[in-house]
Amino acid sequence: MSVILFTVIILIGSYFAGLLGSLTGLGGGVVIIPLLTLLLNVDIHYAIGASLVSVIATSSGSAAAYVKEGITNMRLGMFLEIATTAGAMVGAILATHIPTHYIAILFGVILTASAILSLRKKAEHIVTQKSYLAEKLKLNSNYPNNGGTIEYSVTNVAGGFFMMIFAGTISGLIGIGSGALKVIAMDTIMRIPFKVSTTTSNFMIGVTASASAVVYLQRGYIHPALVMPVVIGVLIGAFTGSKILVKTKSSGWLRWVFAIVVTFLAGQMIYNGITGKI
């Protein structure tokens, strides 16, 4: 395969990764890593390094638009980053000592669990009951919707915080920015509206990925030839996704996109990890 074709494939794939990452809060890594490892036969450590940089680009590209629209809960995001950053450092260090096929299998298992949890039938909840920790930390907020403003409260702050430690560790291990787990933690555990959890995840994942990327950079797993087309494609896709999500009235279809794409890629990663192809 020529260098030009290789770069074009990465650019196109990265665009769709950034689009999906922006719409669902995943960060794009769920597409970038399978694209590089399964289609282009890139070593998974280099794929994770490129994915982490793409996660930073996705966060930078879409988070600004969401903050401007007033959907992102910035205070909550900064509070939870304390947990995810600590976990990300631990996960990145562990990843450099774990065989690649185990990382591929773990990647698939985590994504499969994320897809299953995201499809549980439930209404778009707006919690109004007060939480002591949320009140003290001033985490409750509101977001614009159809010309009005919807108030919501944050619950189970401690549970969400500890889940974020796990999410950060997974981010460092498999390079997905832990956006999938962050969305589920905020949507399910902390009972935040799905659109808010998605945008807040986009705001957070850049910092989490940066903590992990430092370790991969020191180990030599971030290659400019891979990173450059990944970042360009992901940034364009992230800007596109942010414009779509702001105008979206319902998040139901986002859950289905999330589940279908993640399940397919998870199956491929598990199969290739078990057969030793990664």
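Derivation of every value follows stated rules applied to the coordinates shown; laboratory data play no part. No experiment lies behind these values; they were computed from the predicted model shown. We place every Cβ from the backbone using ideal geometry, glycine too, and count neighbours over all the protein chains shown.
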Q | Theoretical FRET efficiency, 1/(1+(r/R0)^6), r = Cβ-Cβ of L137 and L39, R0 35 Å, to 0.05 | A | 0.20
Q. Which of K138/K247; K68/K136; K195/K247; K136/K247; K68/K247 have a Cα-Cα distance over 21 Å?
A. K138/K247; K68/K136; K136/K247
Q) Full extension from K277 to N145: what is 0.36 nm times the residue separation minus their Cα-Cα distance, to one decimal in nm? A) 42.8 nm
Q) With springs only between Cα atoms under 10 Å, which of I244, I170, I192 fluctuates most in a Gaussian network model of the chain? A) I244
Q. Using the beta-carbon distance between I93 and L11 and R0 = 30 Å, what value does 1/(1 + (r/R0)^6) give for FRET efficiency, to the nearest 0.05?
A. 0.45
Q. How large is ³J(HN,Hα), in whole Hz, for each residue of the stretch 73-83 in order, when computed from phi with the Karplus curve 6.51 cos²θ - 1.76 cosθ + 1.60 and θ = phi - 60°, using x for Gly and Pro?
A. 8, 5, 5, 5, x, 5, 5, 6, 5, 4, 6
Q.
On a straight-distance basis, which aspartates and glutamates could pair with K243 in a cross-link, Cα separation under 12 angstrom, same-chain partners fewer than 8 positions away excluded?
A. E69
Q) Distance in nm between label sites at S210 and A64, each 7 Å beyond Cα in the beta-carbon direction? A) 1.5
Q) Hey, what's the Cα Rg ratio for the stretch 154-239 versus the globular rule of thumb, 2.2 N^0.38 Å? A) 1.20
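How far, in nm, would the chain grow between K247 and Q218 when pulled straight, counting 0.36 nm per residue and subtracting the alpha carbon separation? Walk me through the numbers before you get to the answer.
Values: separation 29, 0.36 × 29 = 10.44 nm, distance 4.07 nm.
Residue separation times 0.36 nm, minus the Cα-Cα distance, leaves 6.4 nm.
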Q. In whole Å, what is the distance between the alpha-carbon centres of the stretch 66-114 and the stretch 257-278?
A. 18
**Q.** Average projected area [Cα convex hull, the chain], square nanometres
**A.** 13.0
(Q) Projecting each Cα onto the charge dipole of the chain (Lys/Arg +1, Asp/Glu -1 at the beta carbon, about the Cα centre), which of T275, I12, G241 comes out farthest on the positive side? (A) G241
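Let me have the relative contact order for the stretch 3-274, percent, based on Cα pairs under 8 Å that are six or more residues apart.
Details: 534 pairs, mean separation 108.2, N = 272.
Normalised by residue count, the contact order of the stretch 3-274 is 40 percent.
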(Q) Going 7 Å from the Cα of A158 along its beta-carbon direction, which residues of the stretch 132-152 have the amide nitrogen within less than 16 Å of the resulting point? (A) 132-137
Q.
Quick query: amide H of N73 versus all other amide H atoms, modeled in the peptide plane; which residues come in under 5 Å with a sequence gap of 5 or more or a different chain?
A. T200
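Which value at 222 nm does the chain reach when only helices count, each DSSP H run of 4 or more adding -39,500 (n - 2.57), with the total divided by all residues and rounded to the nearest 500 deg cm²/dmol? All intermediate terms of the calculation are to be shown ahead of the outcome.
On the way: 11 runs with 196 residues, N = 278.
Helix-only estimate at 222 nm: -24000 deg cm²/dmol.
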Q: Among T72, M228, V154, pick out the residue whose Cα is farthest towards the positive end of the charge dipole of the chain, where Lys and Arg carry +1 and Asp and Glu carry -1 on C-beta, about the Cα centre.
A: V154
